[in-house]
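S.K.: What follows is a structure written as structure tokens; I'll ask about it next.
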Amino acid sequence: MCPAGRTIYAKLEYFNPCSSVKDRLACAIIEAAEKEGKLKPGDTVVEATSGNTGIAVSMLCAQRGYKCVICMAEPFSVERRKLMRFMGAKVIITPKAGKGTGMVAKAKELSQKHGWFLCSQFENEANAAFHKLTTGPEILADFEGQRLDYFVLGYGTGGTFAGAGAAIKAERPDVKIVLGEPEAAPLLKSGTKSERNADGSAIGSHPAFAAHPIQGWTPDFIPQIVEKGLEAVGYDEYIGIPGAGSIETSQMLAKTQGIFTGISGGASMWAAIEIAKKAPEGSVILAMIADTGERYLTTPLFESIQADMNEEELVISKSTPSFQLG
């Protein structure tokens with residue numbers, strides 16, 4: 001919990017139309033492509049995703065009349081596949097061994113083969129630009145005339161970090177950006193950059209990557225948007241986040257605050273609490289909460305949650321005589 005004398009706020013991005021921060025990214029990329037004449041009615045959009053971007057792109061394509069093909073690596077939660085298919089997308093599953101770079105390569109291959117529009121969320125500058133125009137100013141407006149000391153978040157594509165971070169730093173340079181990363185996959189901490197193709201996409205898997213449970217954060221490469229954000233905005237503090245701590249914090253948020261978020265939301269809040277422990281008294285901290293917990297029903301987040309009644313629930317049921325299960 002938040003230490004006494006400090007305040008932590010949560011920016012709940014699950015209030016977006018399809019319940020994640022990636023709705024912003026999808027809107028940005030699709031609208032930019034339309035303005036640039038890269039998309040016309042009936043075209044097909046293809047993208048690689050851990051789930052939330054794919055769900056958001058599926059939503060935009062359904063609303064605007066585009067066909068949608070999503071490439072997603074095997075380990076990501078099954079409910080994400082179903083949500084995309086529910087909105088009409090075709091979902092291509094790539095092998096676990098290929099990791100994030102494998103699903104990205106598959107999406108690029110399909111785009112080149114069929115002439116489909118590739119979103120390129122990890123390199124597309126419309127991503128960070130949209131956060132600079134929307135997410136950052138929203139935060140500044142919410143804290144106008146009020147104290148804000150720390151902005152805490154992780155990175156997936158890096159759009160929120162690079163875009164919102166730039167907007168906040170421009171207006172309030174005193175706000176410290178705290179960038180989180182899975183403890184098991186310290187890509188930024190390693191100091192090793194990802195090698196890149198001419199289009200900015202990564203060549204191969206980063207040597208510091210290892211599997212971690214924080215879906216949507218830290219793919220097996222450093223996205224180009226993150227790299228550009230590091231150069232243009234930077235960060236003031238870095239924090240490595242344990243997978244188990246992310247899960248426990250997400251569960252704590254649900255049970256004590258009524259905030260229903262996924263593992264990445266738990267990771268952001270875990271980092272915010274750790275920052276609060278060492279921050280000066282009176283400090284105000286903002287944590288980005290990227291999505292809803294409903295995307296994680298088949299992940300370790302819900303592993304301890306049973307469908308059947310437990311002993312305590314059975315005792316309650318039997319405390320009155322009627323309508324008891326046999």
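S.K.: So is V57 buried (at least 24 other Cβ atoms within 10 Å of the Cβ) and either in a strand (DSSP E or B) or on the phi > 0 side of the Ramachandran plot (or both) or not?
M.R.: Working: buried (at least 24 other Cβ atoms within 10 Å of the Cβ): yes; either in a strand (DSSP E or B) or on the phi > 0 side of the Ramachandran plot (or both): no.
Spelling it out, it is not the case that V57 is buried (at least 24 other Cβ atoms within 10 Å of the Cβ) and either in a strand (DSSP E or B) or on the phi > 0 side of the Ramachandran plot (or both).
S.K.: Taking the residues in segment 9-55 that are of a type in the set (D, E) and under 14 Å from the mean Cα position of the chain (by Cα) as candidates, determine which candidate is farthest from G258 (Cα to Cα). I'd like the intermediate steps shown before the answer.
M.R.: So the first thing to find is which residues in segment 9-55 are of a type in the set (D, E), and the list is 13, 23, 31, 34, 36, 43, 47.
With the extra rule that they be under 14 Å from the mean Cα position of the chain (by Cα), the set shrinks to 13, 23.
Details: E13: 15, D23: 22 Å.
In this case the residue turns out to be D23.
S.K.: Suppose we keep only residues that are touching a residue at least 60 places away in the same chain (Cβ under 8 Å) and aliphatic (A, V, I, L, M) within segment 99-117. Which one would you say is surrounded by the fewest Cβ atoms within 10 Å (Cβ to Cβ)?
M.R.: L110
S.K.: Shifting gears a bit: Which members of segment 148-162 meet the condition of being closer than 30 Å to A210 by Cβ and surrounded by fewer than 24 Cβ atoms within 10 Å (Cβ to Cβ)?
M.R.: The answer is Y150, and nothing else.
S.K.: Let me ask you something else. Taking K11, is it assigned by the TED database to the domain that holds F209 and either touching a Phe, Trp or Tyr at 6+ places or on another chain (Cβ under 9 Å) or not in a loop (DSSP other than H, G, I, E, B) (or both)? Steps first, answer last, please.
M.R.: Numbers: assigned by the TED database to the domain that holds F209: yes; either touching a Phe, Trp or Tyr at 6+ places or on another chain (Cβ under 9 Å) or not in a loop (DSSP other than H, G, I, E, B) (or both): yes.
Judged against the criteria, K11 is a match.
S.K.: If G5 satisfies all but one of (1) under 26 Å from T292 (Cβ atoms); (2) outside any helix (DSSP H, G or I), what's the number of the condition it fails?
M.R.: (1)
S.K.: Select the helices (runs of 4 or more DSSP H) contained entirely in segment 92-144, then report the ones holding at least 2 residues which are in contact with a Cys (Cβ under 9 Å, 6 or more places away or on another chain) and of a type in the set (A, V, I, L, M).
M.R.: Here the list reads 99-114.
S.K.: Give just the number: which of (1) open to solvent by less than 10 Å² (accessible area, probe 1.4 Å); (2) in contact with an Asp or Glu (Cβ under 7 Å, 6 or more places away or on another chain) does A48 not satisfy?
M.R.: Of (1) open to solvent by less than 10 Å² (accessible area, probe 1.4 Å); (2) in contact with an Asp or Glu (Cβ under 7 Å, 6 or more places away or on another chain), only one is false for A48: (2).
S.K.: Is it the case that some residue within segment 28-37 is touching a residue at least 40 places away in the same chain (Cβ under 8 Å), under 30 Å from V284 (Cβ atoms), crowded, with 16+ Cβ neighbours inside 10 Å and not assigned by the TED database to the domain that holds Q215?
M.R.: yes
S.K.: Keeping to segment 118-140, report how many residues are of a type in the set (A, V, I, L, M, F, W, C) and open to solvent by 30 Å² or more (accessible area, probe 1.4 Å).
M.R.: 5
S.K.: What are the pairs, 6+ residues apart or on separate chains, where a residue within segment 39-50 that is within 13 Å of G115 (Cα to Cα) has its Cβ under 8 Å from a residue that is charged (D, E, K, R) and open to solvent by 10 Å² or more (accessible area, probe 1.4 Å)?
M.R.: Between residues of segment 39-50 that are within 13 Å of G115 (Cα to Cα) and residues that are charged (D, E, K, R) and open to solvent by 10 Å² or more (accessible area, probe 1.4 Å), the close pairs are G42/K67; D43/K67; T44/K67; V45/K67.
S.K.: Scan the helices (runs of 4 or more DSSP H) fully inside segment 163-280 and keep the ones with 1 or more residues being crowded, with 19+ Cβ neighbours inside 10 Å and of a type in the set (S, T, Y).
M.R.: Numbers: elements: 165-171, 187-190, 224-232, 243-257, 263-278.
By residue number, 243-257, 263-278.
S.K.: A follow-up question, please. Just for segment 84-98: of the residues that are under 13 Å from C68 (Cα atoms) and crowded, with 17+ Cβ neighbours inside 10 Å, which one is nearest to the chain's Cα centre (by Cα)?
M.R.: M84
S.K.: Specify the residue that is least open to solvent (accessible area, probe 1.4 Å); the eligible residues are those in segment 281-302 that are assigned to a helix (DSSP H, G or I) and among the hydrophobic types (A, V, I, L, M, F, W, C).
M.R.: In the first step, residues of segment 281-302 are kept if they are assigned to a helix (DSSP H, G or I); the result is 293-296, 300-302.
Restricting the remaining residues to those that are among the hydrophobic types (A, V, I, L, M, F, W, C) gives 301-302.
Numbers: L301: 10, F302: 48 Å².
Looking at residues that are assigned to a helix (DSSP H, G or I) and among the hydrophobic types (A, V, I, L, M, F, W, C), I get L301.
The values are calculated or read from the model by the stated rules, or taken from the named source; none is laboratory data. Nothing here was measured: the structure is a model prediction, and the numbers come from that model. Ideal geometry is used to build each Cβ from the backbone, glycine not excepted, and the neighbour counts take in all protein chains shown. Quick note on the areas: whole protein, heavy atoms, side chains included, nothing else; ligands and nucleic acids left out. Shrake-Rupley method; radii C 1.70, N 1.55, O 1.52, S 1.80 Å.
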